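The values are calculated or read from the model by the stated rules, or taken from the named source; none is laboratory data. Predicted model, so just to flag it, every value in this text is computed and none were measured. All Cβ positions, even for glycine, are placed from backbone atoms using ideal geometry, and neighbour counts span all protein chains on display.
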């Protein structure tokens, strides 16, 4: 069973939220005094499976990652409940718990339709494309309407005509123009009344209305502004004066729309965030611990990007116990892809000082990648051996290996190779760079080598420093062992 990294990131919101441990053989949980994300990551794929089962029932406009995030929260909640109710199969209970949560959140009540994607915000006014903007010309003179249409269409605008005030009020609501050119003197309903009626409608409060008039005295201009007008253009209509003004108001209109759309999108995202936080704060047994745990993980990840900033908690580590533990951790993920997973300890192994938590993260990354890029019916092996003051952890697979031209990218931040996971798993491109930083903080190294005829070996090399005791404290390794 592979573990999508998007779900792993979501579950990081819930470290230390409950004192649980997992029995890999029986697939059950029990209280152990320390919640560990790495120990529960094997159950994350069931969130994707439940989402896939509900896909046809979910509204098509839903953001799938939002659904997955809510499901992951339900998974974390299920872990807390599991100890209390004493069920024998956590996976069955968690699947049902996630399904009920998603149905209640996304199927119980109708949701507002998702807004369509908007074009990116222009960097400056020169990038605003005004071609195709709709302009409504309100003029009772056929000759002037014809002249305005000719000038505006040559400037790439879409033109609509109204020959009276009443027709203008109706047509404006039908086409929702980007700008209105409005004559003042018309029979029955003059331009001032047309402007006031339109500005009383919510949709037209931000649409610019430019009066086109031969009355350029101050009192007429002031009355036009009082009615809600944005500008005025004198008659006879001069394109060299009128078009720059029209374009200026259209640019303001377009940029205002971008701003409004961005604000709406942010409000939508903020509401989604608030909903997730409400679920977490209400449902999690210990939300404060979840927040603190997330903070710890974020700090660890960011500091690991720079080896000089990595702080190490050095404690004695037994290489064999660590290797066996990691192989047991990934057995389920490997078996789901029909991949054999083995541990092999070679020769005599001694304890040595290192930051066990961070070393495990490196090896978890190596094993996860090996399974991710391996095909069914292949095998993955974790080999541990020591020689000349160094301890080596080798993860060997039978996958495609890495092209020589791409090997230099492996341990760099946000770099990926052309290899594709065999089951569609996701990758962020930062895991191996963090592995390198952790190894260098230990005065060690990480490396990769293609194997013959196929496969790859990812190696973690750590200095033994001062061996604390012979390996008999970890188990007798006087002969080669192989654990499958």
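Going by the conditions given, is residue 384 over 14 Å from residue 462 (Cα atoms) and over 27 Å from the mean Cα position of the chain (by Cα)? The answer is no for residue 384.
A search for C-beta distances below 9 Å between a residue of region 156-176 that is within 19 Å of residue 247 (Cβ to Cβ) and not assigned by TED's automatic domain parsing to the domain that holds residue 191 and any residue that is modelled with pLDDT of 95 or more and surrounded by 15 or more Cβ atoms within 10 Å (Cβ to Cβ), counting only pairs 6+ apart in sequence or on different chains, returns nothing. Report yes if residue 126 is modelled with pLDDT under 80, touching a strand residue (DSSP E or B) at 6+ places or on another chain (Cβ under 9 Å) and in a helix (DSSP H, G or I), otherwise no. Answer is no for this residue.
Residue count for region 221-251 under the criterion of being out of contact with any helix residue (DSSP H, G or I) (no Cβ under 9 Å at 6 or more places or on another chain), farther than 21 Å from residue 150 by Cβ and surrounded by 15 or more Cβ atoms within 10 Å (Cβ to Cβ): the result is 1. Within region 185-202, being in contact with a strand residue (DSSP E or B) (Cβ under 9 Å, 6 or more places away or on another chain), over 11 Å from residue 168 (Cα atoms) and part of a loop (DSSP other than H, G, I, E, B) holds for 185, 186.
Residue 177 falls short on exactly one of the conditions (1) buried (at least 16 other Cβ atoms within 10 Å of the Cβ); (2) not in a loop (DSSP other than H, G, I, E, B), and that condition is (2).
The one condition from (1) surrounded by 15 or more Cβ atoms within 10 Å (Cβ to Cβ); (2) at pLDDT below 75 that residue 65 does not meet is (1). The set of residues in region 207-220 being over 20 Å from residue 149 (Cβ atoms) and touching a residue at least 12 places away in the same chain (Cβ under 8 Å) consists of 215, 216, 220.
Among the residues of region 32-51, at least one is under 28 Å from residue 328 (Cβ atoms), in contact with a strand residue (DSSP E or B) (Cβ under 9 Å, 6 or more places away or on another chain) and modelled with pLDDT of 70 or more. Which numbered condition trips up residue 370, out of (1) buried (at least 22 other Cβ atoms within 10 Å of the Cβ); (2) closer than 15 Å to residue 439 by Cβ? Looking at each condition in turn, residue 370 falls short on (2). Taking region 276-365 and the strands (runs of 3 or more DSSP E) fully enclosed by it, the elements with 1 or more residues that are surrounded by fewer than 17 Cβ atoms within 10 Å (Cβ to Cβ), modelled with pLDDT of 70 or more and touching a helix residue (DSSP H, G or I) at 6+ places or on another chain (Cβ under 8 Å) are at 315-317, 340-345. Here residue 378 meets the list (1) modelled with pLDDT of 90 or more; (2) in contact with a helix residue (DSSP H, G or I) (Cβ under 9 Å, 6 or more places away or on another chain); (3) under 22 Å from residue 325 (Cα atoms) almost entirely, failing just condition (2). Right, residue 183: in contact (Cβ under 8 Å) with a residue 40 or more places away in the chain and over 17 Å from residue 243 (Cα atoms) or not? So residue 183 does not fit the description; no.
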